[in-house]
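The values are calculated or read from the model by the stated rules, or taken from the named source; none is laboratory data. The structure displayed is predicted, hence computed values, not measured ones. A quick note on method: Cβ atoms are made from the backbone with ideal geometry, for glycine too, and the neighbour counts reach across all protein chains shown. The protein model used for the area step is the full one, side chains on, heavy atoms only, and it has no ligands, DNA or RNA in it. Shrake-Rupley method; radii C 1.70, N 1.55, O 1.52, S 1.80 Å.
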Amino acid sequence: MSTATFRIWRGERGDGRFEDYPTTVSEGMVVLDAVHQIQSDQANDLACRWNCKAGKCGSCSAEINGKPRLMCMTRLNELDLERPVTIEPMRAFPHVRDLVTDVSWNFRVKQKIQKFTPTAPHAADGTWRMQQRDIDRVQEFRKCIECFLCQDVCHVLRDHQLHDEFVGPRFLVHIAALEMHPLDTADRTAELREAHGVGYCNITKCCTTVCPESIAITDNAIIPLKERVVDRYYDPLKALVRLVRGGTKGESRAT
Amino acid sequence: MAYAPLPIAPRRFGETMRTDAWWIQPAVIFLLFSAFIVYSTWAALQGNHYTYGPYLSPFYSPELFGDSPHAWFGAKPGWWPSWLLFSPAILILWAPGGFRFTCYYYRGAYYKSFWADPPNCAVGEPRSSYLGERYFPLIFQNIHRFFLYLALVFLVFLAHDVWQALWFTDAAGHRSFGIGVGTLVLAANTTLLGGYTLGCHSLRHMVGGILDRIAERPVRRAMYDCSSCLNRNHMQWARLSLVMVMFADLYIRLCSMGIWTDWRLL
Ligand code: SF4
Ligand code: SF4
Ligand code: FES
Ligand code: FES
């Protein structure tokens, strides 16, 4: 048993300050354990959100020593306990209290994205056929636990606060899961360029760095979507081909 | 539910709660890219010492006009304005330069290291305004795939240079097969550039990424798998090939100047 100090952001609605809480720590503890211990021993009114303690619900997102991480998946032995460990709420969303932020903006964004629109069933009994190989690509995106750490670290939201013009990496992953789905027929390219603002991403890859599910957000979701936008809007050769062949749909659409 | 309409105030430039040395990585990249820009500009403007024996510096390949035996169309053209500096490299270097400049990896890297947008993840930025690649001027980065087409052609020229580097002419004028250290340097350079170019995000998209159903297209699938495999380490290919192309020029330059000796291995 040894003692470590946790420097936790306390306050409400954007106002607040750090407070130090020394507490005993033992082998195998994660940051969320320490927060719970502080909550029960020293600060009963400390607000924090959590649910599964297994890195699967995406509730316990916070900034630990300045890095967006899940509190339940950050083991204390990864941190320098000689110095106080800072724990702050996510900075890209409205602050509610202590470590809790209001992430409801994300749910409103999701509602604006065209839903999955499958092709007509392939069989008479109303079922579809897919190859595992074709669904593998979108399965990576479906690992997302909606922790919104990628949204928090993305400088377009965090520093430039372009929440009205940019959906953020989490929803580009969501759009990629729909757009690249072998059965989906909807076309989200125009919205990607306009309302969803894929062009704001400058591929600096912070989202990929923080994703607890190790989704290759930039390489596998965002850049391929940017390329689809280029196909449609910025490639004169493709435009010529479309003109000759007719139609605006890319060759990627399901049939 | 009641909540403050705004998050906690954004951080000022360089402000962060990160406790690691977050500035080292962008600083190293800044130095590496700056070194490349300075060296390649200097080397391209020299207009000499770019060949040695059968070797041709990759900065000067293809040599369209020039004084070496590698030149395609002979010496410097008569119509070239006398007041304008001539070097075979400046005729062609814009193509690989543009390819790297618009590459997705390099873009992300220099936005961080040279423009601090952001300086590193979760570190405060110097400017509050932001246009990203959504508007002019950076919307022009979308031109990348056209530079890719050129880069693929250049790859063929560089492979041909490696072939050329296998044939040495002796004092009597006989051409014979051989391998020198320079041959290996040029081969390594072409291999690294190949790994970099064939793992390009635009190529990966074109050969298969655009298809949502690829299982039943074996050729496209194989191409997509190859490109994806190289793409996973695109950053490493980009950095290594950058260093190697500089070294290949330096090697040939120093051999040509008589400072280094090119060892014949075979
Ligand atoms: S890569 Fe794009 S989406 Fe991801 S953090 Fe950077 S700017 Fe945001
Ligand atoms: S993509 Fe990763 S970081 Fe972003 S919300 Fe999903 S799991 Fe979290
Ligand atoms: S508590 Fe569920 S992810 Fe941490
Ligand atoms: S993305 Fe890097 S070379 Fe095309």
Cβ-placed point charges (K, R +1; D, E -1), dipole of the protein assembly as shown about Cα centre in debye, nearest 20: 1060 debye
Using only Cα atoms, tell me the angle between helix B:24-46 and the longest principal axis of chain B; keep it within 0 to 90° and round to the nearest 10. 30 degrees
B:T190 - accessible surface, heavy atoms, 1.4 Å probe, Å² rounded to 10: 20 Å²
Distance between the C-alpha centers of the range A:40-70 and the range A:96-145? Whole Å please. 26 Å
Please compute P(r) over all alpha-carbon pairs of the range B:77-187, binned at 5 Å starting from zero, and give each bin as a whole-number percent. 2, 9, 12, 13, 12, 13, 13, 10, 7, 5, 3, 2, 1, 0
Enter the Cα centre distance for the pair the range A:20-37 and the range A:165-212, rounded to the nearest angstrom. 37 Å
Under 27 Å from A:K53, Cα to Cα: lysines that are on another chain or at least 8 residues apart: A:K67, A:K110, A:K143, A:K205
Just read off the accessible area of A:S40 with the full protein assembly in place, 1.4 Å probe, to the nearest 10 Å². 80 Å²
Tell me the Kirkwood hydrodynamic radius of the range A:148-223 in angstroms, computed as one over the mean inverse distance between distinct C-alpha pairs. 12.5 Å
Return the long-range amide H neighbours of A:I215 (sequence gap of 5 or more, or a different chain), with a cut-off of under 5 Å between placed amide H atoms. none
Quick check: with the 1.4 Å probe, what order do A:E165, B:E133 take by accessible area, largest first? A:E165, B:E133
Order by accessible surface, 1.4 Å probe, largest leading, for residues B:M246, A:M130 comes to A:M130, B:M246
Taking the square root of 5 times each eigenvalue of the Cα gyration tensor, what semi-axes in Å does the equivalent ellipsoid of the protein assembly as shown have, largest first? 48, 30, 21
Length-normalised contact order for the range A:89-209 - Cα pairs under 8 Å, 6+ apart - percent: 30 percent
Using +1 at the C-beta of Lys and Arg and -1 at the C-beta of Asp and Glu, which of B:G209, B:V156, B:A238 has the Cα lying farthest in the positive direction of the dipole of the range B:134-253? B:G209
Mind checking the angle between helix A:132-141 and chain A's longest principal axis? C-alpha axes, 0 to 90 degrees, to the nearest 10. 40 degrees
Roll a 1.4 angstrom probe over the protein heavy atoms and tell me the percent of accessible area of the range A:104-245 that is carbon or sulfur. 56 percent
Counting each DSSP H run of 4 or more residues in the protein assembly as shown as -39500 (n - 2.57), what helix-only mean residue ellipticity at 222 nm follows after dividing by all residues, to the nearest 500 deg cm²/dmol? -11500 deg cm²/dmol
Using θ = phi - 60° and the Karplus relation 6.51 cos²θ - 1.76 cosθ + 1.60, list the HN-Hα couplings for the range B:103-113 in order, rounded to whole Hz, with x at every Gly or Pro. 5, 4, 5, 4, 4, x, 6, 7, 4, 6, 6
Treating the Cα atoms of the range B:19-92 as identical point scatterers in vacuum, please give the log10 of the normalised Debye intensity I(q)/I(0) at q = 0.20 Å⁻¹, two decimals. -0.84
Where only protein heavy atoms count, and the probe is 1.4 Å, what is the accessible area per residue for the range A:104-245 in Å²? 41 Å²
How much length, in nm to one decimal, is gained on full extension between B:D20 and B:R175, taken as 0.36 nm per residue of separation minus their Cα-Cα distance? 50.0 nm
Report the one residue of A:A177, B:L266, B:N48 whose Cα lies farthest in the direction of the positive end of the charge dipole of the protein assembly as shown (charges on C-beta: Lys and Arg +1, Asp and Glu -1; origin at the Cα centre). A:A177
What residues does the range B:10-36 have that are buried by at least 50 Å² of accessible area in the full protein assembly compared to the chain on its own, 1.4 angstrom probe? B:P10, B:R11, B:M17, B:T19
Between A:D136 and B:F140, what FRET efficiency comes out of the Förster formula 1/(1 + (r/R0)^6) with R0 = 41 Å and r the beta carbon distance, rounded to 0.05? 0.75
Along the charge dipole of the protein assembly as shown, which of B:A9, B:W22, B:Y224 sits closest to the positive end, that is, farthest toward it, with unit charges on the beta carbon of Lys, Arg, Asp and Glu (+1, +1, -1, -1)? B:Y224
If you take the accessible area of A alone, add that of B alone, and subtract the area of the pair, what total do you get in Å², probe 1.4 Å, to the nearest 100? 5500 Å²
Can you tell me the dipole magnitude for chain A around its Cα centre, using point charges on the Cβ only (Lys, Arg +1; Asp, Glu -1), in Debye to the nearest 20? 920 debye
List of the range B:117-150 residues, accessible area with partners at least 40 Å² below that of the chain alone (1.4 Å probe): B:C121, B:A122, B:E125, B:Y130, B:E133, B:R134, B:N142, B:R145, B:F146
Leaving out ligands and nucleic acids, and using a 1.4 Å probe, what accessible area per residue does the range B:1-153 come to in Å²? 50 Å²
Using each residue's phi in the range A:172-177, evaluate 6.51 cos²θ - 1.76 cosθ + 1.60 at θ = phi - 60° and report the 3J(HN,Hα) Karplus result to the nearest Hz, with x for Gly and Pro. 5, 4, 4, 5, 4, 4
On the first, second and third principal axes, largest extent first, how far apart are the outermost C-alpha atoms of the range A:2-101 in Å? 34, 28, 24
Could you order A:W105, B:W23 by accessible surface area, starting with the largest, using a probe radius of 1.4 Å? B:W23, A:W105
Once you charge only the Cβ atoms, +1 for Lys and Arg and -1 for Asp and Glu, what is the size of the charge dipole of the range A:1-87 about its Cα centre, to the nearest 20 debye? 360 debye
Counting C-alpha atoms alone, how compact is chain A: give Rg to one decimal and Dmax as a whole number, in angstrom. 21.7, 74
For the range A:104-245, what's the radius of gyration and Dmax over Cα atoms, in angstrom? 16.0, 52
Could you give the radius of gyration (one decimal) and Dmax (whole number) of the Cα atoms in chain B, in Å? 22.5, 90
Hey, any idea what % of the range B:66-160's accessible area is carbon plus sulfur with a 1.4 Å probe? 73 percent
Using label points projected 7 Å from each Cα along Cα→Cβ, tell me how many nm separate A:Q114 and B:S68, to one decimal. 5.2 nm
